[in-house]
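Report on the following structure.
The values are calculated or read from the model by the stated rules, or taken from the named source; none is laboratory data. Worth saying up front: this structure is predicted, and the values here are computed from it rather than measured. Methodologically, a virtual Cβ is constructed for each residue, glycine included, from the backbone with ideal geometry; neighbour enumeration extends over all protein chains shown. Remember, those area values only see protein heavy atoms, side chains included, never the ligands or the DNA or RNA. Shrake-Rupley method; radii C 1.70, N 1.55, O 1.52, S 1.80 Å.
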Amino acid sequence: ILPSQMELELRYHLPQQHYKTILTKFPEKILSERILDNHYFDDEHLTLRRLRIGLRIRTHGNQTGIITLKYPPAGHTQGPRALKVRHEIEAAYALSKLTPVLQGKKSILALDGPPVSRLKQKLRHHRVGSIERLGALETRRTVLEMPRIGKMELDHCKVFNQTFYELEVETLNPKKTHRAIEFLLDFLAIPCVPATLSKLGRFLQEREKR
């Protein structure tokens, strides 16, 4: 069995004005800002989605990309409503290897590496069609270093003709971090609203409307 990392992530919905409030209130806390292109993969029947599997190629710049496989742990997880817990397996690839996949000239299953190997393992008892790129979601990610919270990500996302905003934090102590985020948002008079859909979920929701 290939190694995987358990991702514990707190995710919150932000209206545009509250996203801007945080950025303008704490400019000195900003560590970085970058554009991420998230390319999602599935077959025509969304079999991976039905199996609660997420498969993504994320690119940034023109040198490398990352393939990420996500799926939920067995059993029920407890914690704040904003908490999402998933197995996460990822690996970096030269963009030259990923470009034919993104262009539809090569199957993502033809690549080597831990995410693809684990995906094949999870699909061996299921009938799956040709796994292809469904489309992409663009994220402008701003990372801030916040007291009591640590690295906090503010995401400005664009998918088709829709825009949405999120606050995300990966943490090993969800309850403590959630309380710190509640305190921060309360200080800024911003409602604390857990995000109900993942970025993949939002992408598929908007794709279905096309």
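Here are some notes:
- Meets criteria (in contact with a Phe, Trp or Tyr (Cβ under 6 Å, 6 or more places away or on another chain), under 23 Å from E153 (Cβ atoms) and at pLDDT 95 or above) for L14: yes
- The residues of the stretch 20-35 that are closer than 20 Å to A195 by Cα, touching a residue at least 24 places away in the same chain (Cβ under 8 Å) and surrounded by fewer than 18 Cβ atoms within 10 Å (Cβ to Cβ), listed by number, are T21, L23.
- Of all residue pairs spaced 6 or more apart or on separate chains, those with beta-carbon atoms under 7 Å, a first member in the stretch 53-69 that is touching a residue at least 24 places away in the same chain (Cβ under 8 Å) and open to solvent by 10 Å² or more (accessible area, probe 1.4 Å) and a second member that is part of a strand (DSSP E or B) and of a type in the set (D, E) are T59/D37; I66/E90.
- Among residues of the stretch 184-202 that are over 12 Å from A82 (Cβ atoms) and basic (K, R), those with a beta-carbon under 9 Å from a residue that is open to solvent by 20 Å² or more (accessible area, probe 1.4 Å) and outside any helix (DSSP H, G or I) at least six positions away or on a different chain give the pairs K199/R56; R202/Q162.
- Enumeration of residues in the stretch 103-113 that are surrounded by 11 or more Cβ atoms within 10 Å (Cβ to Cβ) and either closer than 24 Å to R207 by Cα or under 18 Å from the mean Cα position of the chain (by Cα) (or both): K106, S107, I108, L109
- The numbered conditions (1) surrounded by fewer than 16 Cβ atoms within 10 Å (Cβ to Cβ); (2) under 29 Å from S107 (Cα atoms) are all true for Q17 except (2).
- Within the stretch 85-102, if we keep just the residues that are part of a strand (DSSP E or B) and in contact with a Lys or Arg (Cβ under 6 Å, 6 or more places away or on another chain), the residue that is surrounded by the fewest Cβ atoms within 10 Å (Cβ to Cβ) turns out to be E88.
- The listed residue being modelled with pLDDT of 95 or more, open to solvent by less than 60 Å² (accessible area, probe 1.4 Å) and not acidic (D, E), out of A189, A195: A195
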